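Beneath this line is the structure, given in structure tokens, with notes to follow.
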Amino acid sequence: MCGIIGYIGSRQATPLLIGGLRKLEYRGYDSAGVSVFNDGMSRVVRCRGKLGNLEEKLKAEPAPGTVGIGHTRWATHGRPSDENSHPHKVGPVSVIHNGIIENHLQLRSELVASGSQFSSETDTEIFAHLVERQLVDGAPDLTTAVRRALLKVRGSYAFVVMSDKEPGTLVAAKNSSPLVVGLGEGENFVASDVTAILSETRKVIFIEEGELVTVTRDSVQITDFEGKPKQREPKIITWSAVQAEKGGFKHFMLKEIHEQPRAVADTLVGRVDLEGDDVRLDGVELDVKNIKRIIFIACGTSYHASMVGEFLVESLARIPVEVDLASEFRYRDPIVGPGDLVVAVSQSGETLDTMEAIREAKKKGATVLAISNVVESSIPRLADHAFYTHAGPEIGVASTKAFTTQLIGIALLAIYLGRRTNALSRERARTLLAELVQIPNKMRDVVEQGAHLQVLARRYGNATGFLFLGRGAQYPIALEGALKLKEISYIHAEGYAAGEMKHGPIALIDDQLPVVVLVPKGPSYEKTVSNLAEVRARQGKVLAIATRGDNEIGGHSDDVVLVPDTALELQPMLTVLPLQMLSYYVADQKGTDVDQPRNLAKSVTVE
């Protein structure tokens, strides 16, 4: 959600700000703007809509200068509009902000009562007023003014502040919203995501919770909110900016679907010990004998991966598992404590709901393991242990390769636990690991069926609703398939456990409703085929996702997509692929914005 970029140096800031914001478009936004200092004062140019609108406005209203800040906004307080777009300027102070000021109503009332006038509905403008007041009241510099203003604010935020009175300085602060500083020669950057600055520098400092950073063209000074200095060594980012390019594909999402075999292979590298029939978790050493229960916490697609994890861990390690929506976890006063391993799953590593759930779990004495795709993001740093997937940058808002690499990571965790609880024999582990290393090749086989999925998208893409059905570990894949379709095509879709169909959803079935049934070979095959027959008996249109070599399924379905055979525990990694591709081709046929679907954001950093 929202995107932050700041620059201070000797080059023209506006092209760098726009370039950085372009790389942050994947986060989702509805307006954009910049504030650039030049000739004694900063100029704010902002507007509703996409970056193209802002670029056109900048042609008519140029903003030259070598110091500036830029922002893409996803509306929270106040509708999308020019007035509510960031940056917000009060007197000499320009502010951009990701997150939410929770006590905004109280602060706005106090400011209005003391004579402040507001030009927007946002909570962000409040902070601009607070900083400006501190400067008027005698704060000796911008850093001190921001530090004093922060004392009045409650919430989750990343602020970047610029003042016409101190044009050689940017001041930024972080609390539960991502922030990174990029280091250059005679220039420095501030951003909400390393993707925004990767084309300019690979040398970065990740800002921690409760820290304030003062950035000039030649220096970076980090303190806590009380002014105590902090020391941190820069990190070198190893992945290439080229990995974030479309590479000839029509959309990032399609590119990322095709990148899944490589991403999964990268996630497996160095972690599968075929000689020892075991798994290595990058130095993570869990006290498995004292784990009494595992609780997965996650949101959205990561929640569906965690649901698959419940089946995997209970089957392979025989440890009781619960799966909780992170957005609900802390509000029900969960019974959690020593003996519980909380596994926090987040693609971005910045999901605020998941961060707050981690804090609640740690407060109650649980051990936390993070599974994330972004190195040095907030969630891994907050957890006791961290295990990274290696999907590379995922730009499309609707997750694909981040999801399948999460499944791989969770499968590795399940095998690791099973070997240490002795619930998983060496022979069974050997078989699973041998199958696991073949998954990238089998995924490649599936994603090469694009032409067939395009035909099916044309056949079913005009439907007004879809039903997805699956049993066991295929049930969360049905949920994920429904989520993908509704996210990018805006067609209403429902995912259900197949056995629940007769308990309500069967009322929806008629000759206009496509029903996607996940029916790979396994213990639930016959029961799922029975559900499929119930759909056809009511004239429903059945698209079956089945195992290659199944010669019976064609007689029970209108259409079939076949995936290679693999171990039962690993089937979800293959059956999800046709659902991703079907969703993509339906959305492309409808002409929706596949990579940036309406109202959605890649990284959800507000509750």
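The values are calculated or read from the model by the stated rules, or taken from the named source; none is laboratory data. Quantities reported herein were computed from a predicted structural model and do not represent experimental measurements. Cβ: placed from backbone, ideal geometry, glycine included. Neighbour counts: every protein chain shown.
When you check Ser120 against the structure, is it of a type in the set (S, T, N, Q), surrounded by fewer than 21 Cβ atoms within 10 Å (Cβ to Cβ) and assigned to a loop (DSSP other than H, G, I, E, B), yes or no?
yes
Return the residue satisfying two criteria in turn: it lies in region 247-296 and is of a type in the set (D, E, K, R) and assigned to a helix (DSSP H, G or I), and of such residues it is surrounded by the fewest Cβ atoms within 10 Å (Cβ to Cβ).
Only one residue tops the list, namely Lys289.
Among the listed residues Ala149, Ala173, Ala158, identify the single one that is of a type in the set (Gly, Ala, Ser), assigned by TED's automatic domain parsing to the domain that holds Leu17 and part of a helix (DSSP H, G or I).
Being of a type in the set (Gly, Ala, Ser), assigned by TED's automatic domain parsing to the domain that holds Leu17 and part of a helix (DSSP H, G or I) holds for just one of Ala149, Ala173, Ala158, which is Ala149.
How about region 463-489: which of its residues are under 24 Å from the mean Cα position of the chain (by Cα) and of a type in the set (Gly, Ala, Ser)?
Correct list: Ala473, Ala478, Gly481, Ala482, Ser489.
Residue by residue through region 166-194, note down the ones that are surrounded by fewer than 24 Cβ atoms within 10 Å (Cβ to Cβ) and either touching a Cys at 6+ places or on another chain (Cβ under 6 Å) or polar (S, T, N, Q) (or both).
Thr169, Asn175, Ser176
I'd like to check something: does region 281-289 contain any residue that is touching a strand residue (DSSP E or B) at 6+ places or on another chain (Cβ under 8 Å), modelled with pLDDT of 90 or more, in the same structural domain as Ile371 (by TED's automatic domain parsing) and not hydrophobic (A, V, I, L, M, F, W, C)?
Yes - at least one qualifying residue is present in region 281-289.
Restricting to helices (runs of 4 or more DSSP H) lying wholly in region 345-451: which have 1 or more residues that are within 24 Å of Leu286 (Cα to Cα)?
Where helices (runs of 4 or more DSSP H) fall fully within region 345-451 and carry at least 1 residues being within 24 Å of Leu286 (Cα to Cα), they are 352-363, 378-382, 401-421, 426-436.
Among what's in region 318-348 and is in contact with a strand residue (DSSP E or B) (Cβ under 6 Å, 6 or more places away or on another chain) and in contact (Cβ under 8 Å) with a residue 60 or more places away in the chain, pick the residue that is nearest to Gly3 (Cα to Cα).
Filtering first and then ranking leaves Val345.
If the requirement is being among the hydrophobic types (A, V, I, L, M, F, W, C) and modelled with pLDDT of 95 or more, which of these qualifies: Leu352, Leu316?
Going through Leu352, Leu316 in turn, the sole match is Leu316.
Of all residues in region 298-351, which are small (Gly, Ala, Ser) and within 25 Å of the chain's Cα centre (by Cα)?
Selection gives Ala298, Gly300, Ser302, Ala305, Ser306, Gly309, Ala326, Ser327, Ala344, Ser346, Ser348, Gly349.
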